[in-house]
Amino acid sequence: MPKKKEAKIKKVKKARKVVTKALKVKELGATKPSRYFETVGRRKTSVARLRLFTEGEKSILVNGKLYENYFPTQDLQQILISPLEKMSSQGKFGVVIKVRGGGIHSQAEAARHALSRALVLFNPDFKKRLKGAGFLSRDSRMRERKK
């Protein structure tokens, strides 16, 4: 089969999937929460993109998994939720985080940085306490290149 024809077939199949998916979401009545705050947190080579939802489900998801499953140890889980505990706002927000790069500890700290920034966007009065705890400072240390 010619390459152009194969490419057209792939495009049509992809379009069908998108339409089917949209119809399923519409049938279920599922809607995305409309109000959220989006931030980015970094540490070393880890980057965390975070959305803080004020409405909807009140869970913390990291790369599609619950944070307890993604970060296996209690220490890493504590690093992630420490800004929420500091502000006494556990269970009040839905959080979706996408993390890439670095090690798992670095990812947890990047997620903490992003979560702190999102809380400040939500309420600027939180800034003083979060900054005092050191959650708003970006740790820019990187591994030195090999010579």
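Quick grid of which residues meet (1) more than 24 Å from L130 (Cβ to Cβ); (2) modelled with pLDDT of 95 or more; (3) touching an Asp or Glu at 6+ places or on another chain (Cβ under 7 Å):
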| residue | (1), (2), (3) |
| --- | --- |
| V19 | yes, no, no |
| V40 | no, yes, no |
| T45 | no, no, no |
| K58 | no, no, no |
| V62 | no, yes, no |
Requested in this report: Working only within region 50-66, note down all residues that are over 22 Å from N123 (Cα atoms) and not in a loop (DSSP other than H, G, I, E, B).
Outcome: V62, K65, L66
Query raised in the report: In this structure, does L119 turn out to be open to solvent by less than 20 Å² (accessible area, probe 1.4 Å) and either within 12 Å of the chain's Cα centre (by Cα) or under 18 Å from A48 (Cβ atoms) (or both)?
Result: yes
Query raised in the report: Which of (1) at pLDDT 95 or above; (2) among the acidic types (D, E); (3) out of contact with any helix residue (DSSP H, G or I) (no Cβ under 7 Å at 6 or more places or on another chain) does E144 not meet, given it meets every other one?
Result: (1)
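Scanning region 129-147 for residues that are in a helix (DSSP H, G or I) and without any contact (Cβ under 8 Å) to a residue 12 or more places away in the chain, which turns out least open to solvent (accessible area, probe 1.4 Å)? Working first, answer last.
Step one: list which residues in region 129-147 are in a helix (DSSP H, G or I), which gives 129-133.
Restricting the remaining residues to those that are without any contact (Cβ under 8 Å) to a residue 12 or more places away in the chain gives 131-132.
On the way: K131: 137, G132: 72 Å².
Among them, the one singled out is G132.
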Query - Residue selected from region 87-97 under the condition closer than 17 Å to G56 by Cα and touching a helix residue (DSSP H, G or I) at 6+ places or on another chain (Cβ under 7 Å), by the criterion most open to solvent (accessible area, probe 1.4 Å) - result: Q90
**Report entry** Pair list, Cβ under 7 Å, 6 or more apart: region 88-105 residue without any contact (Cβ under 8 Å) to a residue 60 or more places away in the chain, other residue surrounded by 16 or more Cβ atoms within 10 Å (Cβ to Cβ) and of a type in the set (V, I, T)
**Finding:** Q90/I81; V95/I60; I97/V62; V99/V62; R100/V47; G101/V47
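Conditions tested, residue by residue: (1) part of a loop (DSSP other than H, G, I, E, B); (2) surrounded by fewer than 20 Cβ atoms within 10 Å (Cβ to Cβ).
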site	(1), (2)
E68	no, yes
P72	yes, yes
L80	no, no
V99	no, no
S106	no, yes
H113	no, no
K127	no, yes
Report summary line: The lone condition S89 fails out of (1) touching a strand residue (DSSP E or B) at 6+ places or on another chain (Cβ under 7 Å); (2) over 12 Å from L50 (Cα atoms) is (1)
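The values are calculated or read from the model by the stated rules, or taken from the named source; none is laboratory data. Small disclaimer: the values here were computed from a predicted structure and weren't measured. Glycine gets a Cβ as well: all are built from the backbone with ideal geometry, and neighbour counts include every protein chain shown. Please note that ligands, DNA and RNA were not included when accessible areas were found on the heavy atoms of the full protein model with its side chains. Shrake-Rupley method; radii C 1.70, N 1.55, O 1.52, S 1.80 Å.
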